[in-house]
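Below: the structure, in structure tokens.
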Amino acid sequence: MSKSHIRKDDTVYVLAGRDKGKTGKVLKVLVDEDRAIVEGINMVSRSTKPSAKNPQGGIVKQEAPIHISNLSLIDPDSKKPTRVSVKREGKNVIRIAKKSGKEIK
């Protein structure tokens, strides 16, 4: 299990796959699988049975996990994809954008 450069609520750029070139917000990071669920990216159709939440049932569109190697963090300053370096200060971990050299909040 490796540490991920992507966290929840980050804005990311898709590098590969059918959604290449799109951007979205990370909803959830699946650390054990090295995957992330990104809003509006990698949409799949799921067949669902009727339930209390969805009494009609039928086909529902939802996001599927995408591997984090296919995602790049968006630099908050330049609004372009960037690589990330990690700087440690005691127990704190600070992510730094390679393009601008600024801290990523």
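Extent of region 49-105 along each principal axis, from alpha carbon coordinates, in Å, largest to smallest?
51, 28, 19
How big is the Rg/Rh ratio for region 17-76, C-alpha atoms only, Rh by Kirkwood, two decimals?
Details: Rg = 14.0 Å, Rh = 13.0 Å.
Reported Rg/Rh (Cα atoms, Kirkwood Rh): 1.07.
Evaluate the charge dipole of the chain about its Cα centre and quote only its size in Debye, nearest 20, assuming +1 on the Cβ of each Lys and Arg and -1 on the Cβ of each Asp and Glu.
Working: 24 positive and 12 negative charges, 29 e Å.
Value, rounded to 20: 140 debye.
Can you give me the % of accessible surface on the chain that is carbon or sulfur? Probe 1.4 Å, all protein chains present, nothing else counted.
On the way: 3640 of 7410 Å².
For the chain, the apolar C and S fraction of the accessible surface comes to 49 percent.
With viscosity set to 0.692 mPa s at 37 °C, what whole-number translational diffusion coefficient in µm²/s follows for the chain from Stokes-Einstein and a Kirkwood radius over Cα pairs?
Details: Rh = 15.2 Å.
D = 216 µm²/s.
Taking only pairs that are 8 or more places apart or on different chains, how many Lys pairs in region 35-105 have Cα atoms under 22 angstrom apart?
For region 35-105, qualifying lysine pairs total 17.
I'd like to know which of 47, 85, 17 lies farthest towards the positive end of the charge dipole of region 14-105, counting +1 on Cβ of Lys and Arg and -1 on Cβ of Asp and Glu.
85
Whole number in Å², please: accessible area per residue of the chain, 1.4 Å probe, ligands, DNA and RNA not counted. The partial results should precede the final answer.
Numbers: 7410 Å² over 105 residues.
I get 71 Å² per residue for this part.
The values are calculated or read from the model by the stated rules, or taken from the named source; none is laboratory data. Nothing here was measured: the structure is a model prediction, and the numbers come from that model. Positions of Cβ are generated from backbone atoms using ideal geometry, with glycine treated the same way; all protein chains shown enter the neighbour counts. These accessible areas exclude ligands, DNA and RNA; they are computed on the full protein's heavy atoms, side chains included. Shrake-Rupley method; radii C 1.70, N 1.55, O 1.52, S 1.80 Å.
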